[in-house]
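Engineer: Pasting a structure below so you can have a look.
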């Protein structure tokens with residue numbers, strides 16, 4: 001395998017583990033372990049880590065190593081500041097570009113999802129739903145910006161699901177309200193439902209962050 005392909009393989013491998021919280025925030029990465037798992041030398045691994053640092057997913061600390069970037073309360077606020085501004089606007093402005101057939105398919109998925117929102121398939125379905133609204137704009141600048149936001153948000157969503165199991169059913173109900181309003185072509189109502197959904201998601205994320213910090217403080221006191 002070429003050096004370029006090994007770098008891409010290492011990048012995808014590490015990023016997937018970070019985004020899915022297999023590598024948790026503030027966890028130090030052991031390069032030798034990654035080299036063995038990927039089957040690559042140090043150079044492609046370092047190149048992959050440099051790219052991930054540019055995306056804000058890791059920090060390379062001189063003479064200390066590589067650490068997974070923390071999710072701070074500030075980053076939670078920044079993520080949801082963008083989402084609360086952009087996503088309701090996208091639905092209100094471009095919702096009419098989404099065919100009713102696609103909306104019905106998404107509604108069927110939401111109805112039949114059970115309590116498995118916080119599962120691999122659930123995350124995939126959730127990503128597809130939110131990306132559907134952004135992609136409806138056809139605005140490549142907006143689409144690329146939101147991809148970066150969703151990457152960071154995915155980590156938040158996993159942590160929120162770990163700390164608050166009831167959020168799964170709440171998310172399911174909120175998705176159905178958004179899609180139901182879209183089927184009725186009531187774009188203002190759909191945008192309002194999206195705003196409420198994101199506000200609730202932010203609350204769950206903040207709650208999860210506070211819980212994690214309390215656990216960290218308690219562990220340090222032991």
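The values are calculated or read from the model by the stated rules, or taken from the named source; none is laboratory data. Keep in mind the model is a prediction, meaning the values are calculated, not measured. All Cβ positions, glycine included, derive from the backbone under ideal geometry; neighbour counts span all protein chains shown.
Engineer: Evaluate the following for residue 163: is it surrounded by 15 or more Cβ atoms within 10 Å (Cβ to Cβ) and either at pLDDT below 95 or more than 21 Å from residue 109 (Cα to Cα) (or both)?
Structural biologist: yes
Engineer: Return the pairs, sorted by first residue and then second, in which the second residue is modelled with pLDDT under 80 and assigned to a loop (DSSP other than H, G, I, E, B), the first residue lies in segment 160-173 and is under 16 Å from residue 121 (Cα atoms), the beta carbons are less than 7 Å apart, and the residues are 6+ apart or on different chains.
Structural biologist: 161/118; 168/115; 168/117; 168/118; 169/115; 171/117; 172/113; 172/117
Engineer: Follow-up. Can residue 81 be described as surrounded by fewer than 14 Cβ atoms within 10 Å (Cβ to Cβ), within 19 Å of the chain's Cα centre (by Cα), at pLDDT 90 or above and on the phi < 0 side of the Ramachandran plot?
Structural biologist: So residue 81 passes the test.
Engineer: Can you give me the number of residues within segment 59-78 that are over 28 Å from residue 178 (Cα atoms) and surrounded by fewer than 16 Cβ atoms within 10 Å (Cβ to Cβ)?
Structural biologist: Selection size over segment 59-78: 8.
Engineer: Could you please give the count of residues in segment 15-36 that are surrounded by 12 or more Cβ atoms within 10 Å (Cβ to Cβ), in a helix (DSSP H, G or I) and without any contact (Cβ under 8 Å) to a residue 40 or more places away in the chain?
Structural biologist: Of the residues in that region, 4 qualify.
Engineer: I would also like to ask the following. Taking the residues in segment 129-148 that are touching a residue at least 60 places away in the same chain (Cβ under 8 Å) and crowded, with 20+ Cβ neighbours inside 10 Å as candidates, determine which candidate is nearest to the chain's Cα centre (by Cα).
Structural biologist: Only one residue fits best here, namely 146.
Engineer: Suppose we filter segment 71-108 for residues that are in contact with a helix residue (DSSP H, G or I) (Cβ under 7 Å, 6 or more places away or on another chain) and in a loop (DSSP other than H, G, I, E, B); how many remain?
Structural biologist: Within segment 71-108, residues that are in contact with a helix residue (DSSP H, G or I) (Cβ under 7 Å, 6 or more places away or on another chain) and in a loop (DSSP other than H, G, I, E, B) number 2.
Engineer: Continuing with the same structure: Answer yes if at least one residue in segment 44-53 is surrounded by fewer than 17 Cβ atoms within 10 Å (Cβ to Cβ) and in contact with a strand residue (DSSP E or B) (Cβ under 6 Å, 6 or more places away or on another chain), and no otherwise.
Structural biologist: Taking every residue of segment 44-53 in turn, at least one turns out to be surrounded by fewer than 17 Cβ atoms within 10 Å (Cβ to Cβ) and in contact with a strand residue (DSSP E or B) (Cβ under 6 Å, 6 or more places away or on another chain).
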